[in-house]
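The values are calculated or read from the model by the stated rules, or taken from the named source; none is laboratory data. What you see is a predicted model; the values in this text were computed from it and never measured. Cβ: placed from backbone, ideal geometry, glycine included. Neighbour counts: every protein chain shown.
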Amino acid sequence: MNPENVAFVAADSPPAQEALLRFRHRYGHTPPENADVIVALGGDGFMLESLHRYMVLGKPIYGMNRGTVGFLMNTYDEDDLPRRLKRAQPVTLHPLRMTVETVGGETADALAINEVSLLRETRQAAKLRITIDGRERLSELVCDGVLVCTAAGSTAYNLSAHGPILPMGANVMALTPISAFRPRRWRGAILPHRAAVRIDILESAKRPVSAVADYTEVRDVRRVDVREDRGVVLSILFDPEHNLEERILSEQFMA
């Protein structure tokens, strides 16, 4: 790409804010709505926040790591930013759309770039029924919770829950249990990206469950529907030598 107008945004941490001042002084600053590209300075959490915040603008986002892990970020370097942006390669993402119905009969929806997770709210395990494309697959899953993740999110919470790492472009998503008690040996499933996942909460009054799409939480849910929203297109830019597909592949060979 050949951006002429760049917007710089940053997390609240001191390293990110200091970098923001230096970049704006050196390269200027255009408001995000008028920019060709948005440069996000922070960690993975801030990248997710930026993707959500500027989703309606349809602008590509190039991240530089001023956080901890920086899986979704490029290496921090203040020099030669225009050349890096010209060489950057886009990765297209489609988020998951979570639609929930609460015990009280209210409905809500939210988008998740990483994952939609269901979590028990009390000391008692959750009891869930899982239906895929209208067909019941698990009549009862007793667990701490379950999550549905994208390929981009498969190395986040999903990996910590012992779920599979998904290659970009494979057009699949992962359904991963969190501390499953029954069926004890069920490790989850890899689903086509167009699959419609429905999760019903059994005994919802006795065993309350919350649903979280990235950082949007809805408590005391009765039913959750999750599917990929192909109508929403997000673009993240990566340096050619540090593209997201390579990072996901490399993650599978780390000890």
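Some notes on this structure:
- Looking at 84, 129, just one residue is among the basic types (Lys, Arg) and over 28 Å from residue 168 (Cβ atoms), and that residue is 129.
- Just so you know, in the stretch 64-102 the residues that are in a helix (DSSP H, G or I) and not aliphatic (A, V, I, L, M) include one that is surrounded by the most Cβ atoms within 10 Å (Cβ to Cβ), and it is 84.
- Test: residue in the stretch 214-228 that is over 14 Å from residue 116 (Cα atoms), surrounded by fewer than 21 Cβ atoms within 10 Å (Cβ to Cβ) and not acidic (Asp, Glu): yes
- Tally, over the stretch 1-57, of residues that are within 21 Å of residue 156 (Cβ to Cβ) and hydrophobic (A, V, I, L, M, F, W, C): 9
- Residue count for the stretch 182-220, restricted to those that are hydrophobic (A, V, I, L, M, F, W, C), at pLDDT below 95 and within 16 Å of residue 139 (Cβ to Cβ): 1
- Within the stretch 170-195, residues that are at positive phi reach partners that are of a type in the set (Gly, Ala, Ser) and assigned to a strand (DSSP E or B) with beta carbons closer than 7 Å, at six or more positions or on different chains, in the pairs 188/174.
- Number of residues in the stretch 1-34 that are buried (at least 21 other Cβ atoms within 10 Å of the Cβ), without any contact (Cβ under 8 Å) to a residue 60 or more places away in the chain, part of a loop (DSSP other than H, G, I, E, B) and out of contact with any Phe, Trp or Tyr (no Cβ under 6 Å at 6 or more places or on another chain): the value is 0.
- Output for the stretch 157-181, where each listed residue is closer than 19 Å to residue 138 by Cα, buried (at least 18 other Cβ atoms within 10 Å of the Cβ) and polar (S, T, N, Q): 176
- Total residues in the stretch 36-54 satisfying the condition of being surrounded by fewer than 21 Cβ atoms within 10 Å (Cβ to Cβ) and over 18 Å from the mean Cα position of the chain (by Cα): the figure is 1.
- Any hit, the stretch 83-105, residues being among the acidic types (Asp, Glu) and over 27 Å from residue 191 (Cβ atoms): no
- Some residue of the stretch 103-115 being at pLDDT 95 or above, assigned to a loop (DSSP other than H, G, I, E, B), surrounded by fewer than 19 Cβ atoms within 10 Å (Cβ to Cβ) and of a type in the set (Val, Ile, Thr): yes
- Residue match in the stretch 201-208 (condition: free of Cβ contacts under 8 Å to residues at least 60 places away in the same chain and surrounded by 18 or more Cβ atoms within 10 Å (Cβ to Cβ)): no
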